1. For the chain, what is the accessible area per residue in Å² when the probe is 1.4 Å?
2. I'd like the distance between the alpha-carbon centres of segment 145-166 and segment 375-390, rounded to an integer number of Å.
3. Please sort by residue number the GluC sites (Glu not before Pro) in segment 367-471 whose DSSP state is loop and whose Cβ has at most 16 other Cβ atoms within 10 Å.
4. Distance from the Cα centre of segment 90-110 to that of segment 241-272, in angstrom?
5. If you take every residue apart from THR252 with its C-beta less than 12 Å away from the C-beta of THR252, what net charge results, scoring Lys and Arg +1 and Asp and Glu -1?
6. Given a cut-off of under 8 Å on Cα pairs at least six residues apart, what relative contact order in percent is computed for segment 136-216?
7. Using r as the Cβ-Cβ distance of THR252 and ASP274, and R0 as 22 Å, what FRET efficiency do you calculate, to the nearest 0.05?
8. By how many nm would the segment from ARG340 to GLU412 grow when fully extended, if each residue of separation counts as 0.36 nm and the alpha-carbon distance is taken off?
Amino acid sequence: TLLGVVLVLFVFYLLSSSPGAGKDPPGPRPLPLLGNLLHFDLKHLQVSLCEMSKKYGSVFTVYFGRRKVVVLAGYKTVKQALVNYAEEFGDREITPLFRDLSKGHGVLFTNGDTWKELRRFALSNLRDFGMGKRGSEEKIIEESRYLIEVFENFKGKPFNTTQPVNYSVSNIISAIMYGSRFDYADSTFQKMVDRANEITRLAGSSEIRLYIIFPWLRWCCGRWLVKRTQILKNTDDNIEDIKGLAQGLKDTLNPQDLRGFVDSFLVRQQQESDQPGSYFHNNNLHFTVGDLFVAGTDTTGTTLRWGLLLMAKYPHIQDQVQEELSRVIGEREPRVEDRRNLPYTDAVIHEIQRLANIVPMSLPHTTSCDISFQGYFIKKGTTVIPLLMSVLQDEEEWETPHSFNPGHFLDEKGCFIRRDAFMPFSAGRRACLGESLARMELFLFFTFLLQRFSFSPPPGVSEDELDLTPSVGFTLNPSPHQLCAVSRI
Ligand code: HEM
């Protein structure tokens, strides 16, 4: 009988590992419990993974502790997975930290019908509140004027661009959410923006990466996970502030005159008040607003700051942008429709995004079913990292992948060309839902600022000395630096 049982178990094992569906993707041999921890530089995980892809190919396996993770590298593979196998690779991995943060609500860290409904609602509302007189373009233009005022106050002296840029970018998403912008001196607003930035900074720390790899650390060493506690506190505080703002809007709601996303959500909530399973409850309202605020602030602000730093580092490129702006727009304010007549500026903005590579490992995905992919078998529920850095710097796709070269997006006549491997917003089912808004913001803020100012290093610092090494965070930020914004008028 024992032999019979062993045989049955063996057959079961063979069946459950799906022979015929393909083999496991290759990868470094993991150690018990630690997995491949010793193979990574945790601080620069994306760089370690890019290095590994050279050895193991474009689909490979690593172990975060005991958890198996499949990494997808290079344009062809990432595109094939996220676009051609969109359903299969399209679920979000809910890491323990994401679960702590979202508590199962909102759009960033959910799956299934909650995510589907909220994503659809968010997309259509970003579109609706992005059009017409009160649309995003007007909001960004108004905000650019405020930002210029702040920059002018420094009178050409060196300053850190982080706070002014973050405040103005946050005000766009705030105005879309609540229907009006905040004064930069508003203390609730300041706290919300500063907390959102703190959350993304802490989320990329080695401590949090270690916690993601070994979630059980929470049970044995919870009180030493200081950064986790800080992230949770910042998130809770922001949710409390959002609750207060949403309540104020509820008290003054006029369904005939919707001011923004929150109003629209509240109306939907009223319409579905008799449906017990409705997704439009308060928790989803507060967490979705929180998600859009966090996802829409640091990302766009960081990209814009990379842009200003790169202009200061490469003055000959800055000169060409300014020459084009003067020739095509002159002294009037830029509009979105100017983009098609500004091929060089457009190419520069794309190249800033490509080189800045601010979300190098995207957000983690998980497989929604067993998949046979490029001859490999990947089990349902496997964590997947689409390595966007390996796409944006793919040596088969880009002529000079590691240097700043706007020519990547220009043909020989100087016309703008789209490049398929330009994928900073990821692709497929979970692609960034703020892409159109972010692109509009980057174009308008950048052209307003470059029309008005020339950016340069502080006195005594040469262009060569401006450091392009990113600082560690969930998004790749420029290292702390100061710039001078010298008025051109
Ligand atoms: C998701 C990049 C701006 C909202 C993402 C993802 C990336 C990304 C790489 C992960 C996609 C995936 O899982 O495959 C960027 C970049 C931005 C930017 C580079 C600016 C330069 C924004 C803005 C908003 C936003 C302005 C808000 C309006 C979101 C949301 C998700 C997301 C809600 C989650 C989508 C989902 O899970 O369905 N973004 N983003 N992002 N982004 Fe953005």
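The values are calculated or read from the model by the stated rules, or taken from the named source; none is laboratory data. Small disclaimer: the values here were computed from a predicted structure and weren't measured. Methodologically, a virtual Cβ is constructed for each residue, glycine included, from the backbone with ideal geometry; neighbour enumeration extends over all protein chains shown. Keep in mind that these areas ignore ligands, DNA and RNA; they rest on the heavy atoms of the full protein, side chains included. Shrake-Rupley method; radii C 1.70, N 1.55, O 1.52, S 1.80 Å.
1. Numbers: 22300 Å² over 489 residues.
I get 46 Å² per residue for this part.
2. 42
3. Details: sites: GLU395, GLU396, GLU397, GLU399, GLU412, GLU435, GLU441, GLU463, GLU465; in loops: GLU395, GLU396, GLU397, GLU399, GLU412.
Qualifying residues, ordered by number: GLU395, GLU396, GLU399, GLU412.
4. Rounded to whole Å, the Cα centres lie 24 Å apart.
5. Counting the neighbours of THR252, the net charge comes to -1.
6. Details: 33 pairs, mean separation 18.2, N = 81.
Rounded, it is 22 percent for segment 136-216.
7. It comes to 0.40.
8. Numbers: separation 72, 0.36 × 72 = 25.92 nm, distance 1.69 nm.
Stretched out fully, the ARG340 to GLU412 stretch lengthens by 24.2 nm.
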